Amino acid sequence: MARGHGWIGTGNSPEDLVAHLAGLKRAADEVDRPARLGRLEITFMQLDPVTVDAESARRCAALGVDRLLVYPLPLENPADVLAYLEAHARLPR
């Protein structure tokens with residue numbers, strides 16, 4: 001927090017992100033962060049990839065997420081991975 005440029009977190013939903021962000025806020029209130037580092041960039045990955053939809057992507061963006069990681073685990077068939085990624089390529093940016 002005091003020296004990093006970003007934070008990467010995981011959770012099952014944007015609601016989990018809310019709790020993480022509250023923890024980051026508490027840490028920011030307790031630790032001096034040099035202004036030269038700029039704003040802490042937020043990256044979040046939903047652990048339940050089935051629930052990553054346009055609504056949850058918009059919610060994460062509204063909460064301040066800079067990057068929403070969409071990862072198709074535990075898919076093992078390459079065709080399933082490709083279909084998953086193609087479907088999620090249309091998420092709001």
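Applying the condition of being under 13 Å from Leu69 (Cα atoms), in contact with an Asp or Glu (Cβ under 9 Å, 6 or more places away or on another chain) and among the aliphatic types (A, V, I, L, M) to the stretch 1-50 and asking which residue is surrounded by the fewest Cβ atoms within 10 Å (Cβ to Cβ) yields Leu47.
Among residues of the stretch 70-83 that are touching a residue at least 12 places away in the same chain (Cβ under 8 Å) and under 10 Å from Asp48 (Cα atoms), those with a Cβ under 8 angstrom from a residue that is part of a helix (DSSP H, G or I) and open to solvent by 70 Å² or more (accessible area, probe 1.4 Å), sequence gap 6+ or separate chain, pair up as Val70/Leu85; Pro72/Asp80; Pro72/Leu85. Considering only residues of the stretch 77-93 that are part of a helix (DSSP H, G or I) and among the charged types (D, E, K, R), which is least open to solvent (accessible area, probe 1.4 Å)? My answer is Asp80. Looking across Ala22, Ala57, one residue alone is of a type in the set (A, V, I, L, M, F, W, C) and in contact (Cβ under 8 Å) with a residue 12 or more places away in the chain. It is Ala57. Picking from residues in the stretch 54-76 that are of a type in the set (A, V, I, L, M) and in a strand (DSSP E or B), the one that is least open to solvent (accessible area, probe 1.4 Å) is Leu68. In the stretch 30-53, what residues are at pLDDT 90 or above and in a helix (DSSP H, G or I)? The one that is at pLDDT 90 or above and in a helix (DSSP H, G or I): Glu30. Scanning for something under 30 Å from Ala22 (Cβ atoms), modelled with pLDDT under 85 and touching an Asp or Glu at 6+ places or on another chain (Cβ under 8 Å), does the stretch 60-72 turn up at least one residue? So far as the stretch 60-72 goes, yes, one or more of its residues are under 30 Å from Ala22 (Cβ atoms), modelled with pLDDT under 85 and touching an Asp or Glu at 6+ places or on another chain (Cβ under 8 Å).
The values are calculated or read from the model by the stated rules, or taken from the named source; none is laboratory data. All figures in this text were calculated on a predicted structure; none of them were measured in a lab. Glycine gets a Cβ as well: all are built from the backbone with ideal geometry, and neighbour counts include every protein chain shown. For accessibility, only protein heavy atoms count, side chains too; no ligands or nucleic acids. Shrake-Rupley method; radii C 1.70, N 1.55, O 1.52, S 1.80 Å.
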